[in-house]
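The values are calculated or read from the model by the stated rules, or taken from the named source; none is laboratory data. Computed from a predicted structure; not experimentally measured. Reconstructed Cβ throughout: ideal geometry from the backbone, glycine too, with neighbour counts over all protein chains shown. Quick note on the areas: whole protein, heavy atoms, side chains included, nothing else; ligands and nucleic acids left out. Shrake-Rupley method; radii C 1.70, N 1.55, O 1.52, S 1.80 Å.
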Amino acid sequence: MNANGLATRSGPSRPADATADTSIIVRDAHLNNLKHVDVTLPRGKLVAVTGMSGSGKSSLAFGTIHGEAQRRYLESVAPFARRLIAGAVDPKVGNIDGLPPTVALEQSRTSGGARSTVGTFSTLSNSVRLLYSRCGDYAEGVRERNGGRLDSDAFSPNTTVGMCPNCQGTGVVHRPTEETMIPDPSKSIEEGAIEAWPGAWAGKNFHDIVEALGFDMNTPWRDLPEKDRQWLLFTDERPVVDIYPVRGADQVQLSYKGTWKSVANYLTDTLAETESEPLRRRVLSFMEHNVCPVCDGRKLTPDALKVTYAGMPIDELNALPLEELREVLGTLYDTARSRAEEGNESNRDEAERLLLAQLVPTLKTSVDLGIGHLSLDRAASTLSAGELQRLRLASQLSSGLFGVAYVLDEPSAGLHPEERNAVADLMRRFIDAGNSVLLVEHDMNLVRGADWVIDVGPVAGEGGGQILYSGTVDGLIEWGKDPDCPSATARRLAAQPPELNDSPRTPSGTLSIKDINARSIHGLDLSLGLGTFTAVAGVSGSGKSTLVSTALGTALRDITVATKGSAAAKEAAEEDPGAGDEPADAPGAQRESDQVSIGEVTGAEEIDRFIHITQKPIGRTSRSTLATYTGLFDKVRKLFAQTDEARARKWNVTRFSYNMKPGRCPTCNGAGALEVELVFLPGSYTQCPDCKGKRYNDETLEVTWNGYTIADILELTVDEAIDAFADEPGVLHACEALQAVGLGYLRLGQGAPELSGGEAQRIKLATELQRARQTRRSHTLYVFDEPTTGLHPHDVGLLVRELNRLVDTGNTVIAVEHDMTVVAQADRVIEMGPGAGARGGEIVADDTPAGLAAHAQTPTGRVLAALR
C-alpha cells in the first residue's frame with residue numbers, strides 16, 4: 001500500500017546498486033497531478049513510461065525529468081542569451097540525482113513556417129545544397145556570370161540570392177482580377193458585391209468611403225460604368241473623405257477621416273504584410289494564381305537550375321521520394337568511399353564523400369522508420385505529428401551525441417505494427433551509442449521490449465499521478481495476472497489478444513465510388529458497406545488517408561456536412577492552422593499528383609450527413625475550452641442567469657461569459673493569466689494577480705448556483721461535473737458523452753492549447769455522440785483518421801465501444817487505423833498497399849479481420865494472424 005492506500009508493486013522499485021552514476025533518482029516530483037512521487041530508473045537502458053491517458057506519465061518524463069535538465073542548462077546560459085531560448089517550465093521536483101543532459105522529441109504539430117519542407121525541417125537540405133555548390137556540374141557560363149561557384153544559399157528558394165525574383169521563391173504569382181474580387185456581379189455594392197473587402201469595421205470603412213465618394217451603391221455591379229469599376233478595384237489614388245458613421249442612440253456620435261485604398265491594393269498589401277495565416281489564406285482566395293512564367297514554378301534563379309548533380313537539377317532531386325533518393329545517393333557514396341580507399345581522391349571528391357556521409361545514414365533511417373515515401377520538397381505543414389517526430393528521430397541518429405537521455409513521445413504514432421520494429425532498432429542504436437532512452441508509449445509490443453517499466457496511475461487526472469510500478473517487464477506482466485491489480489497497463493500486458501471478428505454486420509446499403517485518382521491512387525474503384533464499421537489499414541504512406549479523407553471527402557462534398565452547434569460545424573468554422581499557404585486549386589500549390597478526380601458515385605443519396613472528425617485543435621487560445629467547444633457552458637451560464645440573485649441584479653447569460661466585458665476580470669480580460677515580458681529572460685505567463693486565474697471580476701463571483709461560482713464550475717473535472725449536474729440533463733448528457741470516450745479527467749475550463757490531438761478528436765466525437773441521440777433517424781457517415789493516437793489500450797476499448805454504438809444506431813463508421821485491437825473488431829478491413837508512396841495506392845486486401853488473418857499475405861494480415 002502507498003500513502004494513499006493504493007496497492008502498488010515495486011518489483012524491484014529501483015535498479016540493483018542504484019547510484020547517481022548508474023541511475024536517475026527522482027525525489028518529490030509534484031508537477032501537475034504527480035503526488036510527490038519518488039522513482040529511480042537505470043541509465044543506459046530503454047525505460048518505458050506507461051499509464052492511462054492523462055495519468056501523469058508525460059508530466060514525469062517530459063515535465064519533470066526533461067524540464068529539470070532544461071532548467072539546469074538555462075542556469076548555465078548567460079542571462080542576455082536566455083531570451084533567445086524558449087522558456088522552461090518549473091519542473092516542481094525536490095531533487096534529481098544522476099540526471100544527464102536530455103533531448104526531448106515530443107509529438108508536436110509545430111513544423112516551422114509556411115516555407116518549411118521535409119528538407120529544411122530535417123536539415124537534409126543544407127547538405128544537399130552544399131553538394132550542388134561544391135560538387136555540382138555547372139552549365140557553361142554559370143561560373144563566369146557569378147565569379148566562380150554558386151554559394152549554397154543560391155540553391156534555396158528561401159534566400160534573396162536563390163529565390164526567383166518574380167515569385168519570391170514560391171513558384172506561383174498571385175494577381176487580383178475583377179472576376180476573383182467580385183464573385184457575384186449580379187449583387188450591388190450595398191448587397192456585398194465586393195466580397196474581397198475585410199470583415200468588421202475595416203470592411204464597413206471601405207463601404208462608407210465609397211458611399212461618401214458618391215458611387216452608386218444599389219445598381220448591380222455588372223451594370224456600373226466600366227470606369228467606376230476599374231477605379232474602385234485598381235486605382236492607386238488615395239482620396240481622404242469625411243465619414244459620418246451611423247451609430248446607435250447610446251453610442252458616441254463621432255466623425256472621422258477615411259482614406260481610400262483600392263480593393264486590389266488592399267489585397268496585395270495585406271498579402272505582403274500580414275503574419276496571420278488565416279488572413280493570408282482569405283486574401284489568396286480572392287486572387288488568381290498562375291505558375292510563375294520566369295521560373296516555371298521551380299522557385300529558383302535560372303543559374304541555380306543550370307547546375308546538376310547525379311544528372312538532375314536540385315528541384316528534380318528534391319522531388320524524389322526519400323527511398324529513391326537514398327538509392328541514388330547511396331550508390332554515389334559507395335563510389336566515393338572506393339575512391340578514398342584507393343587514395344585517388346581530389347578535393348571535390350573528398351567534399352562529396354563527407355557530405356554524402358551526412359546524408360545517406362539519415363536517409364536510410366528515414367526509410368526504415370516508414371517515411372521513405374516523403375520527398376525533400378514536401379511541405380512540412382502537410383505532415384502528421386508522427387511523421388514529424390520520425391523525421392526528428394532520423395536526424396538525431398546522425399548527431400553523434402553521447403551520454404544524453406532521449407525522451408521520446410510515442411514514436412510509434414502513425415506507424416503500421418510491422419514498421420514499429422524499426423523504432424525499436426533505432427532506440428537500441430541510441431543506447432549502443434552510450435545514451436539512455438525514456439519512452440512514453442502506449443504500444444504494448446514496444447513496452448514489452450523495454451529493459452525497465454515505470455507505470456503511472458491508476459487512472460487519469462486527479463486520480464492518477466502515483467507510481468504504481470517500477471521494475472522489469474516480466475514483473476509487471478506477472479502482476480497483471482492478479483484480478484485486483486490496479487494497473488491498466490499490467491492487465492493489458494497479461495491479457496489475451498482480442499478475438500478477430502468473423503461475423504460482420506450486414507450492410508444496409510452500398511456507397512460506390514469509381515475511378516478515384518488522387519496522389520498515389522490511380523483509377524481505383526471503392527465500395528463501402530453502409531451501416532457497418534470499416535477499418536482502413538496499411539503501411540504508412542500507402543494511401544489510406546488519401547482514400548478516406550481526400551477522395552471520400554471529395555465524393556461526398558455536396559452532402560450537408562454539419563449542423564449548427566455540431567463538432568463538424570465548429571471545425572469547418574476554424575481555419576486549419578496546419579494547412580499550407582496556397583489555396584488548394586492554386587497552380588504550384590499542389591503538385592499534379594495531388595489533384596483529385598473521381599468518376600461515378602452511387603449510394604450517396606442514402607447518406608444524410610458526412611462528418612470528418614480530425615485531430616485538428618478545437619481552438620488556438622486558452623479562451624477556447626472544453627466547456628465552450630462542447631456547448632455545455634451555454635447551458636451552465638443559463639443556469640446562473642436563472643438564479644434569484646442574477647435576476648435581482650437583472651443579469652443575463654452575457655454576464656457569465658469570461659469573453660464579455662461586464663463579467664470578466666478587467667486585468668486579464670478573462671484569460672486568467674498575464675504574459676510577462678522580461679528584458680533578459682524568456683517571456684512567460686503568470687496567474688492574474690487580481691482574479692487568481694478565475695477569469696471573472698469579484699462582483700460576478702458573488703452569484704452562486706448550488707454553492708458553486710461560475711469559476712468553480714470551470715475548475716470541475718468532467719467526472720466531478722456529472723455529480724454536480726446530476727439533475728440538469730442538458731449539461732449531464734454532454735458530460736456523460738465526454739466520460740464515455742475516456743475524458744472524465746479533463747477540467748471543463750481546460751484550454752485548447754493544453755489538449756493533445758487525440759483528446760481534441762475525442763472531444764469532437766463526444767460532441768457528435770450528443771447529436772447522434774437527437775438525430776437517430778438520419779444516416780451519418782463518420783470518418784476518423786487514426787482516432788486511437790495517444791490512447792492507452794484501456795481508453796481504446798472505451799473508444800471502440802462508442803464507435804460501435806454509432807454503428808448500432810444505423811450510422812456508418814470508417815476509421816483509418818494502425819491499432820490492431822480496433823482493426824480486429826471491425827466488420828470489414830480494407831488494406832492499402834502494397835508499399836508506400838508510388839508503390840502504394842492499391843487495395844491489396846478487402847475482407848473481415850478473421851478472413852484477412854487466414855490468408856496472412858499482407859502486412860496487416862500477418863499482424864492479425866499473430867493475434868490468433
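Could you pull out the GluC sites (Glu not before Pro) across the range 589-673 that fall in loop regions by DSSP (anything but H, G, I, E, B) with no more than 11 other Cβ atoms inside 10 Å?
Listed in order of number, the matching sites are GLU600.
Let's test this: bin the Cα-Cα distances of the range 724-868 at 10 Å from zero up to the farthest pair and state each bin's percent.
Answer for the range 724-868: a P(r) of 10, 35, 32, 17, 5, 1 percent.
Out of all DSSP beta bridges in the range 778-846, what portion is antiparallel? Express it as a percent rounded to 5.
DSSP beta bridges in the range 778-846 are roughly 45 percent antiparallel.
Residues with amide H under 5 Å of ALA845's amide H, sequence separation 5 or more or different chain, H placed in the peptide plane at 1.01 Å from N; which?
GLU831
With θ set to phi - 60° and the Karplus curve 6.51 cos²θ - 1.76 cosθ + 1.60, what are the ³J(HN,Hα) couplings of the range 430-443 in order, to the nearest whole Hz, using x for Gly and Pro?
4, 5, 4, 7, x, 10, 10, 9, 9, 10, 8, 8, 10, 6
Tell me the relative contact order for the range 333-421 as a rounded percent, counting alpha carbon contacts under 8 Å between residues six or more apart.
Taking the mean separation of contacting Cα pairs over the length of the range 333-421, I get 28 percent.
So in the chain, what percent of DSSP beta bridges are antiparallel if you round to the nearest 5?
For the chain, the DSSP antiparallel bridge percentage is about 60.
In deg cm²/dmol, rounded to 500, what helix-only [θ] at 222 nm does the chain give when every DSSP H run of at least 4 residues adds -39500 (n - 2.57) and the total is split over its residues?
It lands at -9500 deg cm²/dmol.
How high is the relative contact order of the range 174-291, given as a whole-number percent (alpha carbon pairs under 8 Å, six or more residues apart)?
After rounding, I find 33 percent.
Considering amide H positions built from the backbone, and no H for Pro or chain starts, which residues 5 or more places from ARG43, or on another chain, come under 5 Å of its amide H?
For ARG43, whose amide H was placed from the backbone, the distant partners under 5 Å are SER23, ILE24.
Summing Lys, Arg as +1 and Asp, Glu as -1, what charge do residues with Cβ under 9 Å from the Cβ of LYS514 carry, LYS514 excluded?
-3
If only Cα atoms are counted, what is the Rg of the range 408-556, and what is its Dmax, in Å?
In order Rg, Dmax, the Cα atoms of the range 408-556 give 20.7, 58 Å.
What distance in nm lies between label points placed 7 Å from Cα along the C-beta direction at SER508 and ASP223?
5.0 nm
Could you check how many percent of all C-alpha pairs in the range 690-740 are farther apart than 11 Å?
69 percent
When only DSSP loop residues count, what GluC sites (Glu not before Pro) in the range 456-517 have their Cβ near at most 16 other Cβ atoms within 10 Å?
GLU499
Taking θ = phi - 60°, what integer Hz values does the Karplus form 6.51 cos²θ - 1.76 cosθ + 1.60 yield along the range 708-722, in sequence order, with x for Gly and Pro?
Each residue's phi maps through the Karplus curve to give 9, 7, 5, 5, 4, 4, 5, 7, 5, 7, 4, 4, 5, 5, 4 Hz.
Tell me, what ³J(HN,Hα) does each residue in the range 817-829 have, in order and in whole Hz, if you take phi through Karplus 6.51 cos²θ - 1.76 cosθ + 1.60 with θ = phi - 60° and put x for Gly and Pro?
For the range 817-829, the Karplus curve yields 8, 10, 6, 5, 5, 7, 4, 5, 9, 6, 6, 8, 10 Hz.
Mean separation of Cα pairs under 8 Å and 6+ residues apart, divided by the residue count of the chain: what relative contact order is that in percent?
After rounding, I find 16 percent.
If pairing requires two Cys Cβ atoms under 4.7 Å apart, which cysteines of the chain are left without a partner?
CYS135, CYS485, CYS735
How big is the range 104-221 along each principal axis, measuring the range of its Cα positions in Å and listing the largest first?
That gives 66, 47, 22 Å along the principal axes, largest extent first.
Roughly to the nearest percent, how much of the accessible area of the range 174-291 is carbon and sulfur, given a 1.4 Å probe?
51 percent
What's the FRET efficiency of GLU75 with HIS30 using the Cβ-Cβ distance as r and R₀ = 22 Å, to the nearest 0.05?
The formula returns an efficiency of 0.60 here.
Computed over the Cα atoms, what is the radius of gyration of the chain divided by 2.2 N^0.38 Å, N being its residue count?
With N residues counted in the chain, Rg over 2.2 N^0.38 Å equals 1.03.
Can you list residues whose amide H is under 5 Å from GLY509's amide H, if they're 5+ apart or on another chain and H is modeled 1.01 Å from N?
It is LEU530, by chain and number.
Based on Cα coordinates alone, diagonalise the gyration tensor for the range 626-754, multiply each eigenvalue by 5, take square roots, and list the semi-axes in whole Å, largest first.
Largest first, the range 626-754 gives 26, 21, 10 Å.
Treat the range 174-291 as a sphere of radius equal to its Kirkwood radius over Cα pairs and apply Stokes-Einstein at 25 °C in a medium of 0.890 mPa s; give the translational diffusion coefficient in µm²/s, rounded to a whole number.
162 µm²/s
Just flag the chymotrypsin sites (Phe, Trp or Tyr not before Pro) in the range 693-757 sitting in loop per DSSP whose Cβ has no more than 11 other Cβ atoms within 10 Å.
none
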